[in-house]
1. How large is ³J(HN,Hα) for each residue in region 107-118, as worked out from phi by the Karplus curve 6.51 cos²θ - 1.76 cosθ + 1.60 (θ = phi - 60°), to whole Hz, x for Gly and Pro?
2. Once amide H atoms are placed 1.01 Å from N in the peptide plane, what residues at a sequence separation of 5 or more from TYR85, or on another chain, have their amide H within under 5 Å of its amide H?
3. Which ³J(HN,Hα) values, rounded to whole Hz and listed in residue order, are derived for region 25-35 from phi using the Karplus coefficients 6.51, -1.76 and 1.60 in 6.51 cos²θ - 1.76 cosθ + 1.60 with θ = phi - 60°, glycine and proline given as x?
4. Quote the Stokes-Einstein diffusion coefficient, in whole µm² s⁻¹, for region 58-176, based on the Kirkwood radius over alpha carbon pairs, a temperature of 37 °C and a viscosity of 0.692 mPa s.
5. Between exposed chymotrypsin sites (Phe, Trp or Tyr not before Pro) in the chain, where DSSP calls loop and at most 15 other Cβ atoms lie within 10 Å, what's the longest gap?
6. Pairs LYS42/LYS174; LYS62/LYS111; LYS70/LYS111; LYS70/LYS174; LYS62/LYS157: which exceed 23 Å Cα-Cα?
7. Determine the sum of side-chain charges near LYS174: Lys and Arg each +1, Asp and Glu each -1, restricted to other residues whose C-beta is under 13 angstrom from that of LYS174.
8. Roll a 1.4 angstrom probe over the protein heavy atoms and tell me the percent of accessible area of region 98-176 that is carbon or sulfur.
Amino acid sequence: MKVLAISASPRKDGNSDVLCDRFLKGASEAGHETDKIRLAEKNIAPCNACYSCRENHLCVNKDDMAEIMKQLIAADVIVLATPVYFYCMDAQMKIMIDRCLPRYREMVHKKLYFIVTAADPQHSAADETLAGLRGFLRCLPGAQECGVIYGTGTWDKGDVYRHPSLEQAYQAGKNV
């Protein structure tokens, strides 16, 4: 299977970014093809709600989202990883999700995993973030949520290395 991780962490090697790598390591060792996109390294403009895409399924914005969309459509498994900012997903993830508008109906029968990291140690700190990610999943035909990896209680870069989510991400990848 093709496993694609979307890392919305603005910090390279930030906690959610590290969990993506661990997930992909497990998936790779299980024999799957893996790839990761770091949204912080991409140029993605926000959706401007012009709805030109309704007719031709192409966005008027000419940026990195067209290539990301191709990878999302080709993937069998999608991992969406975001830090929790003010009890929501970060802006990088939300912009990417919004920009799926032209072709989201082509993202069929995807298996999705969610990775969330937050300073707050309670899993409930990710409730609103997960609600947003699940809202996206609900729009994808035949999509299935396969798991959530909670990196809650991780604030400083590197906290995740001492957190159970590190092994959980690896095992989730192994069991794709």
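1. 8, 9, 6, 8, 9, 10, 10, 10, 10, 10, 10, 7
2. It is ASP90, by chain and number.
3. In residue order, the calculated couplings are 4, x, 5, 5, 5, 7, x, 8, 7, 10, 7 Hz.
4. Using the Kirkwood radius from Cα pairs, D works out to 218 µm²/s.
5. 88-154
6. In this structure, LYS42/LYS174; LYS62/LYS111; LYS70/LYS174; LYS62/LYS157 lie more than 23 Å apart at Cα.
7. Every neighbour counted, the sum reads 0.
8. Carbon plus sulfur share of accessible area: 48 percent.
The values are calculated or read from the model by the stated rules, or taken from the named source; none is laboratory data. Predicted, not measured: the structure shown is a model, and the values here were computed from it. When we count neighbours, we look across all protein chains shown, and the Cβ atoms used for this are built from the backbone with ideal geometry, even at glycine. Surface areas here come from the heavy atoms of the whole protein model, side chains and all, with no ligands, DNA or RNA. Shrake-Rupley method; radii C 1.70, N 1.55, O 1.52, S 1.80 Å.
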